[in-house]
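Heads up, the thing below is written out as C-alpha cells.
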Amino acid sequence: MKKLLLLGTIFTLFTVAASAQKGRDVRPDKHRFETGQLTRGERFKLHKNKVDYNRTERKFKRDGHMSRGEKRKLYKMKQHDRHMKYRFHHNNRKRS
C-alpha cells in the first residue's frame, strides 16, 4: 500500500513538473508561422528573378559569344537572387 501511494505521489509530481514547463503562446493562431517557408509574395519574387535571369542569359548567348561585361552582369544577377533567397529563408519569422 505504501509503495502504491509513493509511486502515485511521484507520478503526480512528475506530471505537474512537466505541465508547468510548457509556456503559454500569446500569439493568435492566424499569425503562427514556421521558420524556413516562403510566403506567396516571396515565391513570386524569386520566380520572377529566375525568369529575368534566364531571359537575359538567352539574350546574351544569342550572338554566340558572351563578353566579360555580360558575364559580370549575369553573375551579379545570380548573386542578388541568392542573397534574396537567403534573406527570405532567414528573416526570423515563424510561419505555419
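Side notes on the structure shown:
- Note, ³J(HN,Hα) from phi for the stretch 69-80, Karplus 6.51, -1.76, 1.60, rounded to Hz, x at Gly and Pro: x, 5, 4, 5, 5, 4, 4, 5, 5, 5, 5, 5
- Length released on extending from residue 46 to residue 65, taking residue separation times 0.36 nm less the Cα-Cα span: 4.1 nm
- Net charge of the neighbourhood of residue 84, taken over other residues with C-beta under 9 Å away and scored Lys/Arg +1, Asp/Glu -1, is +2.
- Stretchable slack from residue 87 to residue 58, in nm (0.36 nm times residue separation minus alpha-carbon distance): 7.7 nm
- Charge tally for residue 47 (other residues, Cβ to Cβ under 12 Å; Lys, Arg +1; Asp, Glu -1): +3.
Only the coordinates and a few stated rules stand behind these numbers; no lab work does. Predicted, not measured: the structure shown is a model, and the values here were computed from it. Backbone-built Cβ (ideal geometry, glycine too); neighbour counts: all protein chains shown.
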